[in-house]
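Have a look at the structure below, then the notes.
The values are calculated or read from the model by the stated rules, or taken from the named source; none is laboratory data. From a predicted model like this one, the values you see are computed outputs, not experimental measurements. With ideal geometry, Cβ positions are generated from the backbone for all residues, glycine too; neighbour counts draw on all protein chains shown. Ligands, DNA and RNA are stripped out before the accessible areas are found, and what is left, the full protein with its side chains, is counted by its heavy atoms. Shrake-Rupley method; radii C 1.70, N 1.55, O 1.52, S 1.80 Å.
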Amino acid sequence: MLKHTQCQCQIIITLFDELFLHSHNTQLLCALCDGRYGEADEPVYEPANAVHSHHQLVFAHGYFSSALHEISHWCLAGSSRRLLEDFGYWYQPDGRSALEQAEFEKVEIKPQAIEWLLSLASKTVFVASADNLSGEQCDDVAFRLALSAQARCYLSNGLPDRAALLLSTLQRKFGGQVSLDQLYWPEEAYK
């Protein structure tokens, strides 16, 4: 097994921890850098407990995009949800039926809309993810359209506080610009 040496995501970890470690007792961790290999290299939110004094927001595979995605879920979770493992959300793994997939997509619209905005701020590529590779074939156009509408709504009407703080921090750090015209898919007409 190869030892993972330096996480390519140290910048996002440092930024997140500077913003939220003390104010929200939450630290961002890369699963690989934390020694979580194989099945343990999966995203998870673990509230503080007898083993670790900070809430831990763990992203998978050392991917910057995974960090942004997990942060987006965290930015939406209220204080009571942040006391529950994985914020108390239901998660059916890859291989979902069409009905299960529809439920999954409903829950993913808001976090992926935030992720898209954070990606633009950090000048990274955003890929909408219906995340059901081995499940029933589903057309993701409706999901992507709902996602873009939500991203435009957030940009026009404001993000949740933690997401807004991180967005402005990422823009200062990476110089990414975020505008409404960037939040349309090719099959949408820019309005």
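Look at (1) modelled with pLDDT under 90; (2) more than 29 Å from ASN25 (Cβ to Cβ); (3) not basic (Lys, Arg) and you find that TRP90 fails only one, number (2). Across region 105-128, the qualifying residues are those that are charged (D, E, K, R) and outside any loop (DSSP other than H, G, I, E, B), and the one among them that is most open to solvent (accessible area, probe 1.4 Å) is LYS106.
Which of the residues spanning region 15-50 are at pLDDT below 95 and assigned to a helix (DSSP H, G or I)? Residues satisfying the conditions are GLY38, GLU39, ALA40.
Given the structure, is LEU165 assigned to a helix (DSSP H, G or I), surrounded by fewer than 18 Cβ atoms within 10 Å (Cβ to Cβ) and modelled with pLDDT of 95 or more? Considered against the rule, which asks whether it is assigned to a helix (DSSP H, G or I), surrounded by fewer than 18 Cβ atoms within 10 Å (Cβ to Cβ) and modelled with pLDDT of 95 or more, LEU165 comes out as yes. Looking at region 58-72, can you tell me whether even one residue there is in contact (Cβ under 8 Å) with a residue 60 or more places away in the chain, hydroxyl-bearing (Ser, Thr, Tyr) and out of contact with any Ser or Thr (no Cβ under 6 Å at 6 or more places or on another chain)? Yes, region 58-72 has at least one match. Taking into account only those residues within region 168-184 that are in a helix (DSSP H, G or I) and under 24 Å from PHE20 (Cβ atoms), which is least open to solvent (accessible area, probe 1.4 Å)? Among those residues, the one meeting the criterion is LEU170. For region 51-68, filtered to residues that are modelled with pLDDT of 95 or more and open to solvent by 30 Å² or more (accessible area, probe 1.4 Å), the residue that is nearest to LEU147 (Cα to Cα) is HIS54.
Within region 69-80, restricting attention to residues that are among the aliphatic types (A, V, I, L, M) and more than 18 Å from CYS30 (Cα to Cα), the residue that is most open to solvent (accessible area, probe 1.4 Å) is LEU76.
When GLU187 is tested against the conditions (1) in contact (Cβ under 8 Å) with a residue 12 or more places away in the chain; (2) closer than 17 Å to PHE126 by Cβ; (3) open to solvent by less than 60 Å² (accessible area, probe 1.4 Å), the lone failure is (3).
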